[in-house]
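Visitor: Got a structure for you, questions after.
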Amino acid sequence: STERVVIPIRPFFTPVRAAPCSSLYTPRAMSHCCSATAVTSSRASPFAGGGAAAPTRRALSAPKAPRPAPRRANTTQVNAAASEGSPYIGAPRVVVLGGGFGGLYTALKLDSLTWPAGAQKPRVTLVDRSERFVFKPMLYELVNESMSDWEVAPRFTELLAPTGVAFQRGVAKNIEPAAPMPMRDGSVGSSGGGAVLLESGERVEYDWLVVAVGTATSDIGVPGAREHAIPLSTLEDAQRMAAAMNGVKAVSSGAGGGGRVAVVGGGLAGVELAGVVAERLGDAATVELLTPGTGIMVGSPAGQREAAAKSLAASGVVVRAGVRAKRVGASRDPKKLGSTAASLTLASKVTETTEDYDVVCWAVGQRVESPESWPFPTNDRSKIITDATLRVSGHARVFALGDVASTTSDAAAAAASDASSNGGFAAAPPVMAFPSTAQVAFQQADYAAWNLWSSLNQRPLLPFKYQHLGDMMVLGKVNGAVALPVGDATIDGPLAALLRRAAYLYRMPTNEHRAKLASNWLQQSAQFAVDEGPGILRGLGLQVPDFTSTGARQ
């Protein structure tokens, strides 16, 4: 038929239970990047009108792409991994491992979708080792104590209360497919469900699995770094670092200054942390940023790098280039044993020295949290290999996304099709080196949710297409730098800080949490404007009336 059917589809950015997950700019080592714009391009999300029609609460349409012969969508499924006795009969069970940006937003998006008439909506269970979701780009606000724990790290039970997603706290020890299949290369595949074994001994059965466990801080082989340096990756890290800074300020202020803090790592994470710590300590301590390279933020846009360098200089941060951390040990000062003080051995091309610091902050190194015992193919960096649709190679019902995944580009199909012109030998599938950022995880969450929905409803799966939308970084309470995705355009200063805060508010996981934050931030902003506004305006060269004078009061 040539009849044209127009189906209303709600724009992907219309607020639902979960914030649209097309993009975010968050700090890289902690997931650096956030969108410089509140609304992203339609290319960044499978729900933006490209490819197959998106499932919405108001309308639903099958994609135009060819598909198998019609059959009842999402019929009752039996889990082959059920325990002995009667097999499981009921709604499909989707288990999401990891409650970071990729995992939480996939679960929320999947829960918000509408399912065809007669289909069973899946039971979604989110599994994470922590009881809280951590919005990692805002951990800096905990270090400088400009935010509270609940703002940056809300509890999963609170976030998921308005949804149908269940939460299970635990650490995944192993994954057991119900019917493992030996592959030609010696690996193991699967075509059905299975079970996740937790360290507590519990088993969480699944029909479909999403792996989004992310990364954790690595000591990159530096002895003593894990024991004596403080990273910034979890809520506990931020709390520990904030307490350490308070201790340095209390001791050094009483002694007229003289404190010393090292930040190891000259990338985005290290630069952000150095700027925040320097602002927090003021004249109480000298902050040194240590980088093995020739300068800071190698590979970042020039405009953003220049803005960061200018801000660090204004804050008094000492940048030491060309030095590498070789070892971290206990403080050599007997009076500081048992505190956060540590000794740091630094090596350059010509010399090696050991120096004492009140705090050593660690802003380098990430390791993927996918144990070797898991039955999934991995690359040389322990990342799980997926195809372009985020489905794990050899496992029909397992998807992986975020930092734990290594996604094969859709150019692999072209490489395979060209095999005949290459003597019958096809090149290895190309792999997209996506940055380890929350921006990638957010975009992939949309695709993972859509492809799960599509798999359960016999619809075509969409290949993931990443669209970089810029970078944001914090340089202080009212200072930031935003690299726009157009040329080398960069916004810095208070305007960039405001843009960053607004973008993060927009990217919060649920409408309920977003509303609570907006109310609280408005109150904080009003008080901050009264307390700090005049000083900021004077710093910009603007004249501000002195309302405290007698004449002004009259």
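The values are calculated or read from the model by the stated rules, or taken from the named source; none is laboratory data. Only a predicted model underlies this, so the values are computations on that prediction, with no experimental measurement involved. Glycine gets a Cβ as well: all are built from the backbone with ideal geometry, and neighbour counts include every protein chain shown. In case anyone asks, the SASA skips ligands and DNA or RNA and just uses the protein heavy atoms, side chains included. Shrake-Rupley method; radii C 1.70, N 1.55, O 1.52, S 1.80 Å.
Visitor: Which net charge results when you count Lys and Arg as +1 and Asp and Glu as -1 among the other residues whose beta-carbon is under 9 Å from that of Ala308? Walk me through the numbers on the way to the answer.
Guide: On the way: positive: Arg305, Lys310; negative: Glu272, Glu306, Asp492.
Net charge in that neighbourhood comes out at -1.
Visitor: Oh, and also: Would you list Leu484, Leu452 from the most to the least accessible area, probe 1.4 Å? Before the final figure, lay out each step's value.
Guide: Working: Leu484 55, Leu452 0 Å².
So, going from the largest accessible area down, we get Leu484, Leu452.
Visitor: Return the carbon/sulfur percentage of the accessible area of region 230-338, one whole number, probe 1.4 Å, all protein chains in place.
Guide: Numbers: 2470 of 4620 Å².
Accessible surface attributable to carbon and sulfur in region 230-338 totals 53 percent.
Visitor: Around Gly194, what is the net charge, scoring Lys/Arg as +1 and Asp/Glu as -1 over all other residues with Cβ under 14 Å from its Cβ? Please list the in-between numbers first.
Guide: Values: positive: Arg93, Lys173, Arg203, Arg397; negative: Glu176, Glu205, Asp207.
Overall, the nearby charge balance is +1.
Visitor: Please compare each pair in Lys465/Lys516; Lys310/Lys477; Lys136/Lys249 to a cut-off of 27 Å on the Cα-Cα distance and tell me which ones are over it. Could you put the intermediate results ahead of the total?
Guide: Details: Lys465/Lys516 33 Å; Lys310/Lys477 16 Å; Lys136/Lys249 25 Å.
Checking Cα-Cα distances, Lys465/Lys516 exceed 27 Å.
Visitor: For Asp356, what accessible surface area do you get with a 1.4 Å probe? Give it in Å², rounded to 10.
Guide: 60
Visitor: Quick one: 3J(HN,Hα) in Hz for region 269-281, Karplus 6.51/-1.76/1.60 with θ = phi - 60°, rounded, Gly and Pro as x.
Guide: 4, x, 5, 4, 5, 4, x, 5, 5, 4, 5, 5, 8
Visitor: Let me ask something else. Using a 1.4 Å probe and ignoring any ligands, DNA or RNA, find the accessible area of Thr157 and quote it in Å² to the nearest 10.
Guide: Probe radius 1.4 Å; accessible area of Thr157 about 90 Å².
Visitor: Over every pair of different alpha-carbon atoms in region 257-393, take the mean of 1/r and invert it; report that Kirkwood radius in Å. Write out the running numbers ahead of the final one.
Guide: Values: mean 1/r = 0.0587 Å⁻¹.
One decimal place: 17.0 Å for the Kirkwood radius.
Visitor: Can you sort Ile220, Ile491, Ile230 by 1.4 Å-probe accessible area, starting with the largest? Kindly include the intermediate steps, with their values, before the conclusion.
Guide: Numbers: Ile220 100, Ile491 50, Ile230 0 Å².
Final ranking, largest accessible area leading: Ile220, Ile491, Ile230.
Visitor: On a full-extension model of 0.36 nm per residue, what is the gain between Leu498 and Gln524, subtracting their alpha-carbon distance, rounded to one decimal in nm?
Guide: On the way: separation 26, 0.36 × 26 = 9.36 nm, distance 1.31 nm.
Additional length available on full extension: 8.1 nm.
Visitor: Under the Karplus relation 6.51 cos²θ - 1.76 cosθ + 1.60, θ = phi - 60°, what is the ordered set of whole-Hz ³J(HN,Hα) values for region 93-104, x standing for Gly and Pro?
Guide: Using θ = phi - 60°, the values come out as 9, 10, 10, 10, 8, x, x, x, 4, x, x, 4 Hz.
Visitor: Continuing with this model, one more query. Let me check I've understood the local charge: for Arg155, count other residues with C-beta under 13 angstrom from its C-beta, Lys and Arg +1, Asp and Glu -1. What total comes out?
Guide: Details: positive: Arg132, Arg169, Lys516; negative: Asp128, Glu131, Asp149, Glu151, Glu158, Glu512.
Value of the local net charge: -3.
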